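K.L.:
Here it is, the structure, as structure tokens.
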Amino acid sequence: MVGKKVLLVGWHPSVVNYAKWPGLTPEKLEKALRADEAKLNGLGYDAAIGFIFSGDTATDQVVAALKDTPYDVVLIGAGVRKDDDHFEVFERLVNAVHEHAPGARIAFNTGPTDSDAAVQRWA
């Protein structure tokens with residue numbers, strides 16, 4: 001049996017403003033995000049990363065992903081949620097998940113290394 005489907009939503013490492021995250025680089029972020037995805041898959045979930053590339057297209061990107069696959073849990077990453085410059089993107093994403101995946105649980109991590117704990121709280 002395939003595990004619960006999980007969508008991890010977050011900024012693509014190429015579009016992050018690293019000045020706000022001292023010590024973080026695109027390579028470190030990509031590695032951490034891929035490790036989170038692999039850890040969830042290793043725990044038996046069917047996890048996939050849904051990278052977003054801009055505030056203007058984020059909602060459309062997530063809606064398209066939700067239409068393609070029925071997810072059990074949608075995690076919106078801390079890079080979207082914790083950055084005040086993106087609070088409207090975060091708000092739109094929460095509402096998009098609510099509308100287009102009403103049966104999915106919505107989870108939030110605290111950074112690119114603890115998605116497993118967030119998903120396990122809601123899966």
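K.L.:
Which value at 222 nm does the chain reach when only helices count, each DSSP H run of 4 or more adding -39,500 (n - 2.57), with the total divided by all residues and rounded to the nearest 500 deg cm²/dmol?
P.N.:
-13000 deg cm²/dmol
K.L.:
Let me ask you something else. So how do Lys5, Lys67 line up by other beta-carbon neighbours within 10 Å, fewest first?
P.N.:
Result, fewest neighbours first: Lys67, Lys5.
K.L.:
Projecting each Cα onto the charge dipole of the chain (Lys/Arg +1, Asp/Glu -1 at the beta carbon, about the Cα centre), which of Pro13, Leu43, Gly77 comes out farthest on the positive side?
P.N.:
My answer, from the dipole projection, is Leu43.
K.L.:
Would you check region 5-122 for Lys pairs whose C-alpha atoms are within less than 24 Å, ignoring same-chain pairs closer than 8 in sequence, and give me the count?
P.N.:
11
K.L.:
In terms of modelled amide H atoms, which long-range or inter-chain residues lie less than 5 Å from the amide H of Arg105?
P.N.:
Result for Arg105 returns Val73, Val74.
K.L.:
Taking the alpha-carbon set of region 5-122, what are its Rg and Dmax in Å?
P.N.:
Every Cα atom of region 5-122 included, Rg and Dmax give 13.1, 37 Å.
K.L.:
About the Cα centre, and with charges only on the beta carbon of Lys, Arg (+1) and Asp, Glu (-1), how big is the dipole of the chain? Nearest 20 debye, please.
P.N.:
360
None of the figures in this text is laboratory data; all of them are computed from the coordinates on show. For clarity, every value in this text was computed on a predicted model and none was experimentally measured. Counting neighbours? That spans all protein chains shown, and the Cβs are built from the backbone with ideal geometry, glycine included.
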